[in-house]
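J.: Handing you a structure now.
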Amino acid sequence: MSDHPLIQTFMTHRMTDDAVRALATGREEETAQVLDAVRRSHAAAPGTLQHVLIYGPRGFGKSFLTRLVQIRAGDLDTESAPLRFVLLPEEQKNVTRNPHALLAYIAHKLADLRTGEDGSWTESMFQWPDPAKEAAHWNEAANTLEAELDRSFPGGQGLAVVAIENFDFLLSSLFKEEIAEQRLRGWLDRPGNRVMVLATATGTVDMDYDRPLFQAFQSIRLRPWTPEDCIAYFDRHRRSHGKPPLDDDRRAKARAIADFIGGNPRLAQLLADVLDTQDALSVAQTMTALADKLADYYRRRIDDLPPLAQGLLDALIRGGEPTSQTDLAARVGADGQNAIARIMQDLQRTDIIRGYDEPGGRSVLYQVTDRVFVHFYRLRQGNQSAQDSPLTTILDFLRAFYSRTEQRDQALAYLDQGRPAEARVFADLAAEGGGDGDSPYRTDWAGRLERLESVRPGCLPLPVAEIVARMDACPETAYGLGGADGDPLVRAIIQAQALARMGMAEEADRTLTRALAETANDKTAEALLALERTFLLVDELDRIQEAVTCLRRIGPDVFNDWPPTARTEGLTDLAWSLGALGEHDAAIATGRKAAALAEKTNDIRGQARALLLVAFSLGELGDHQEVLATGREAAALAEKANDIRGQAMALGLVAFSLRQRGDHQEAIAIGREAAALAAQAGAVDEQADALRLVVFSLRDTEQREDAAATALESAELAFSADKAFTAMWSVSIVLESAAETPCPQAIALFGRWMDLCHTQPDANTADWRIALAGLFAAAARARAWESLDALLHDRREAFANAKPLYFFGQEIGRAIAATGRDEGRAMGFASAAGILPRLAAFGADMPYPPAGFNSWISNVVAGLAGACRDPGLLRDVAGLLTTDLAPEAPAQAILLRALADVDAAEKPERILARLDPDVATWIRRVRGLPDPTPRAAKKRSRKR
Amino acid sequence: MLELFYGGPVSGNQRFARPALEADMMRKMSETNGLSLFGLRRIGKSTLRLHAQETLARTEGHTVVFVDAQGINSIDQFLFAILRGIPKESIPGKMLDLLSGNPALPETLRNALKGLVSKGTETQDLISGYWPLISSEIADALARDRSPKTLIVDEFSFLIRNMAQAEPATAAARVNALLASMRQWRENGLRMLLTGSIGLTGLVRQYKFDREHLNDLQAFTVPELTEEEARAFVTQATHEPSNGSWTAEHTSAFLSACGAFYPCFLVKGLQALDRAAPPPPDTLEALFRRQVRADLHDLFINQFDKTLGRYRETDRAHADSVLLPILRAVLDTPDGRPEPVLEPSPPYDTVDIRTALTMLREDGFLDRDMGANDDRVWRPASRLTTLWWKQSNLGARG
């Protein structure tokens, strides 16, 4: 233990007054409440006194607070109204089985205070109990105590404050019989009382209605320390040890400690020195040592719980935290959440667990408050991973204690020390919220290794399949496969791959950059590294411009000396990279070169891949005619090579170009074929992409219902595969379709999108906030009010907390128009009547409405005006535009009514001519009418 | 200023005065043999009792004997407690002196009384065997001395339950004897105020004791504070410490968050906040939810469930055929239920229904007042009852 930075636990009873004052932290409110009760009792004595009960879990500073009150209460002691503070020892073994002995003990302690002697030590010795005489003994002891109070307070005035710790324990042992507890209650409430009891307890004392002590005390519940309290304590502790106060960095770490220990003051005290430690293993060892040191304490905390509470706690830790009560009930096979609710409440009351609102959700999630306790529990209950890697059970702590940079540094340090498990822990922490599990940089790595081996035979330490398998299984151990003395090129490529997979792409890039700098005149090595780095930059780091610069190092000629397959692949990679970088002409030329070379070597698959890249770049350049030929050729070759995914991608390009050319029916057919092939290949992204292409053409040809159904199919695919980015595109087109034709499923889909964004909140995930107006448009078109209201209500927090994005509302107006067009004016009106007040209420509820929302009504009106040719509907909707919705609504109503008049008129210009010029101009813009030609001014003939 | 105190009976500046209620109680005390004051715990019964005790003691020539029955489980202890409570200088005190020297009394009893008078100590010799003699001596002494006297027994139902549990086999005989004696004393001029937090009628029924001996006591209850009273309570407790910074808006927010207007709810809420620097009114709801209602509401509401469970345990048929229908009849009626609350249905008669109503009143479910036509109207005893009823699903619609 001495190796670990633990300080000794203190006995508050033995601490000097100065030490107590110096370390007093974060209990100002509670101290004031107790002192106020002491003051009131002091003033009232003899009389009705305020007894106080301090509740708090073990380690929350109950004893410390008692000592502090003892010191501060001394200020009230005066000659005319003395105040005696009797601090009983933490345990009272001498009074066991004899309730009256407690009163006798208090009397002896008071006598000691009066005489300065230590008579209570022998006089309060245990006496053999005689239950039959307990009633009389109790009265006698009460009388004796009164007599001692008379001696202690000869002037008549005076108060004795008796501090009794672990009062719950005393109650359950000494006053177990109800009649004994009744006597105690009677004694506490007796007239002319001069003894105030200040008790502390972990378990309940006065909460049982059927027990005599029910609500007999002013109870004060100690709350956990806040992070600020912890910081204040650490500073005081450091000052007392001659150390400087915490700097900003250490303050952040202090907060991590505060979170980890759940604000438990005793643990804060024990972990104060961890702040000066950087080494994570040392921290972990400290935690383990701490768990050992606190074993008794934790065991008691568990033992304090009733059996069912112990069971639920066990299931919470074993089954994973945080979790909701409903899930926990299901986990333990209880009959619903109600069955465990009361026990969970008790666990919360004792601060063993804490609940917090699920971010973006409706549930309350629960987890164990003190994470050291969880660490202890896992170690003691035989959790294998806790025993194998000391860091795994303190992840929460490491996550908050170390900054991202520190986490990466720790990971690299552990990799270099050959401690892959620890490195992985830190790498995972550093990578949280980021990383892409199936980027081409990772999925195509085997191919690139094959090429490496063919270009530099024998350079790999193991067969490609084995390297890849090891990398897939455990990148942190594969990290060292390149060996210290192996080919630096190979070592760098393997290390970079491992680092990227561990979520440390920046470190991977530094590794490759360093290796590139050391390639000197080895052009092949340079090309291989540059290609590797390009993939890394594009796929993992999204740093396109740097990739361009890197790629400039490679000329196509570099590949000339490579074996044919490797050369084809090199050129194909180059073409892909150039295409990804937007250099399409160069990509087409390089791709064609690769295709020709593949054809020459009968590498059909390689030829297909190269042509696919050519077709892509052709499409980007708008040469759709050429795409059709090249894409179809690529598809045919892929089919021949049994590369179904490649075939699907090629046909997808063809479908895209067909639509661009207006060949919608063929685009729909080819798109569906591409989707089917992608499904066959298990390529969800490609399948969803192809279906979206089909949707576009269906909408272009006004096959709205089919479009909506296909869009839904595409979205379902994305959700089933948890692909947030693909889901974004798919839901967007669902919403677009849903503004045109009723598609109530779009509302629920939007909710699922919100959930998916919540679970994948990385930078690449498309944000639902961009499509808010689409949601309202879909609701308006389907008149799906219940679904919309439920969504807005259920996710009101997510909406309220969303950072504002723009809100463009014209699609809502178009949806109203589409409803009128397809279902008649009455339904169009119903659509407007339903959506307008909801929009107004939504804006009113949002603390930060999105940009553009302040003009939502004019946007909706503009959308409606542009799409609606029914003057009656325009007038009806105008009637809805009142100031209840927005101050500018009546002005918008004027516009719609004027537009209706113009639309209904046989000679619109006549109406327009009589309108307010601004209104007329608006209508001309909406309807695309030319501005009136100014009449030429007549020349006046000057009279002579 | 109202000094806040939580946990026991209060007086002086710790007590919130309820003049009408107090006057009503004192009037009924003077017009009857005495009152029974039973109801939920922590609703102010003991404070009202203490007020009566102090008021009567201030009345010239009036002797008040107070007994806290907590911890007493035998007639002996009860008798000693009564004798200890008699002021020495009072006429009954002098009578006690005479009794202890009365050669007509058995020696055991005289020694017991002597010990108590001279040294304040209790003998361990059992004297309950002489109970009829003692009781009639006391009755005779009371008949001789017509000075006004009141015996106040707090937690009287604890005494009855303690006796029932201490020696179950003979409990009925002993308790019935005690109750009969006490009735005789009352008839001979000893006015009584019996209070307790367990309904005495239910308890007597549970243990099958003789309820006849309690019929002459008039039932009295402590109602919840009215909103106006609660407002005055909060104002008195906050005005001075806050130096005026506690506003009417604070009081309104406090009361709307409070849930029940019993003093314990108000005091607990006020003690949880800093009255010198009141928090914003809109934070009071959270404070009550976290620190007051979280504990107290659950405790009281659970208690109603538990009491109902006890009724059923004692007599399932009675609970289901009389008690629950009464609760439904009253608690499902928003404006209260005039008598008759329930028509008798064999085998239960109107006496059973009246007894059941008294049980429900003493256990804090229902209370009764006079309606516009001087008829008796039964209502929920407090908001807590209403809240419990809603949650219990026992109502007609439940």
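Just so you know, all these numbers are worked out from the coordinates, no wet-lab data involved. Just so it is clear, the structure is predicted and the values come from calculations on it, not from any experiment. So basically every Cβ, Gly included, is an ideal-geometry build from the backbone, and we count neighbours across all protein chains shown.
J.: Could you run the Karplus curve 6.51 cos²θ - 1.76 cosθ + 1.60 with θ = phi - 60° over the range A:335-340 and give me ³J(HN,Hα) per residue in whole Hz, x for Gly and Pro?
T.: 7, x, 4, 4, 5, 10
J.: In the range A:114-220, which GluC sites (Glu not before Pro) fall in coil by DSSP and have 14 or fewer other Cβ atoms within 10 Å?
T.: Filter output for the range A:114-220: A:Glu117, A:Glu177.
J.: Of A:Leu103, A:Thr31, A:Phe85, which is farthest along the charge dipole of the range A:27-221 in the positive direction, counting Lys and Arg as +1 and Asp and Glu as -1 at C-beta?
T.: Toward the positive end, the furthest listed residue is A:Thr31.
J.: Cα gyration tensor of the range B:315-392, axes a ≥ b ≥ c as square roots of the eigenvalues: rounded (a/c below 1.5), prolate (a/b > b/c) or oblate?
T.: Oblate.
J.: I'd like the trypsin sites (Lys or Arg not before Pro) in the range B:320-398 restricted to DSSP loop residues with at most 16 other Cβ atoms within 10 Å, sorted by number.
T.: B:Arg397
J.: Would you mind telling me the antiparallel percentage of the DSSP bridges in the protein assembly as shown, rounded to 5?
T.: 30
J.: Further question on the same structure: Note down the net charge around A:Leu23, summing +1 for each Lys or Arg and -1 for each Asp or Glu among other residues with Cβ under 14 Å from its Cβ.
T.: +3
J.: Shifting gears a bit: Which shape class, rounded, prolate or oblate, goes with the range A:222-285 when its Cα gyration tensor gives a ≥ b ≥ c as root eigenvalues, a/c under 1.5 marks rounded, and past that a/b bigger than b/c marks prolate?
T.: In terms of gyration-tensor shape, oblate.
J.: Given B:Gly364, B:Leu327, B:Leu387, which one lies farthest toward the positive end of the charge dipole of the range B:315-392, if we put +1 on the Cβ of every Lys and Arg and -1 on the Cβ of every Asp and Glu?
T.: Toward the positive end, the furthest listed residue is B:Leu387.
J.: Taking the Cα centre as origin and putting +1 on Lys and Arg beta-carbons and -1 on Asp and Glu beta-carbons, what dipole magnitude results for the range A:791-927, to the nearest 20 debye?
T.: Magnitude of the dipole: close to 260 debye.
J.: Also, I was wondering about something else. Taking chymotrypsin sites (Phe, Trp or Tyr not before Pro) that fall in a DSSP loop and have at most 13 other Cβ atoms within 10 Å as cut points, what is the longest piece of chain A between them?
T.: That would be A:127-805.
J.: For the range B:12-220, just say rounded, prolate or oblate: build the C-alpha gyration tensor, square-root its eigenvalues into a ≥ b ≥ c, call rounded for a/c under 1.5, and beyond that prolate if a/b exceeds b/c, oblate if not.
T.: Since a/c reaches 1.5 but b/c is at least a/b, the shape of the range B:12-220 is classed as oblate.
J.: Could you give the length gained on full extension between A:Ile302 and A:Arg605, defined as 0.36 nm per residue of separation minus the Cα-Cα distance, in nm?
T.: 102.6 nm
J.: Here is a follow-up. Please give me the summed charge of the neighbours of A:Glu466: other residues whose Cβ is under 15 Å from its Cβ, Lys and Arg +1, Asp and Glu -1.
T.: Summing Lys/Arg as +1 and Asp/Glu as -1 gives -2.
J.: For the range A:87-193, which trypsin sites (Lys or Arg not before Pro) are both in a DSSP coil and crowded by at most 12 other Cβ atoms within 10 Å?
T.: Of the trypsin sites (Lys or Arg not before Pro), the ones in loops of the range A:87-193 whose Cβ has at most 12 other Cβ atoms within 10 Å are A:Lys176.
J.: Between A:Ala421 and A:Arg223, what's the calculated FRET efficiency when r is the beta-carbon distance and R0 is 60 Å? Round to 0.05.
T.: It comes to 0.95.
J.: Also, quick follow-up: Sorted from fewest to most neighbouring beta carbons within 10 Å, what does the list B:Val67, A:Val372 look like?
T.: If I rank by nearby Cβ atoms, fewest first, I get B:Val67, A:Val372.
J.: Tell me, in nm to one decimal, what length is gained between A:Gln157 and A:His241 on full extension, where the rule is 0.36 nm per residue of separation less the Cα-Cα distance?
T.: Full extension from A:Gln157 to A:His241 adds 25.9 nm.
J.: Then there is this: In a shell of Cβ-Cβ distance under 12 Å around A:Leu87, excluding A:Leu87 itself, what net charge do Lys and Arg (+1) and Asp and Glu (-1) give?
T.: +1
J.: Using a basic spin-label model with each label point 7 Å from the Cα along Cα→Cβ, how many nm lie between A:Asp279 and A:Asp17?
T.: Here the answer is 4.4 nm between the modelled labels.
J.: Nearest 20 debye, what's the magnitude of the dipole of the protein assembly as shown about its Cα centre given +1 on Lys and Arg Cβ and -1 on Asp and Glu Cβ?
T.: 2980
J.: Projecting each Cα onto the charge dipole of the protein assembly as shown (Lys/Arg +1, Asp/Glu -1 at the beta carbon, about the Cα centre), which of A:Pro46, B:Gly101, A:Leu896 comes out farthest on the positive side?
T.: So the residue furthest toward the plus end is A:Leu896.
J.: Quote the FRET efficiency, to the nearest 0.05, computed for B:Thr247 versus A:Arg914 with a Förster distance R0 of 51 Å and r equal to the Cβ-Cβ distance.
T.: Plugging the Cβ-Cβ distance into 1/(1 + (r/R0)^6) gives 0.30.
J.: For the cross-link pairs A:Lys93/B:Lys208; A:Lys62/B:Lys45; B:Lys28/B:Lys88; A:Lys109/B:Lys88, which exceed 30 Å when the distance is taken from alpha carbon to alpha carbon?
T.: Too far apart for the 30 Å limit: A:Lys93/B:Lys208; A:Lys62/B:Lys45; A:Lys109/B:Lys88.
J.: Rounded to the nearest 0.05, what FRET efficiency do B:Asp332 and A:Ala826 have when you use their Cβ-Cβ distance and R0 = 51 Å?
T.: Taking R0 as 51 Å, the efficiency between B:Asp332 and A:Ala826 is 0.70.
J.: Give the Debye-formula value of log10 I(q)/I(0) at each listed q (0.17 Å⁻¹), with one equal scatterer per alpha carbon of the range B:179-236, two decimals each.
T.: -0.69
J.: To continue, here is another question. Give the Rg/Rh ratio for the protein assembly as shown, taking Rg as the radius of gyration of the Cα atoms and Rh as the Kirkwood radius, to two decimals.
T.: 1.10
J.: I need to check one value: relative contact order of chain B, counting alpha carbon pairs closer than 8 Å and at least 6 residues apart, in percent.
T.: Dividing the mean separation by the residue count of chain B yields 18 percent.
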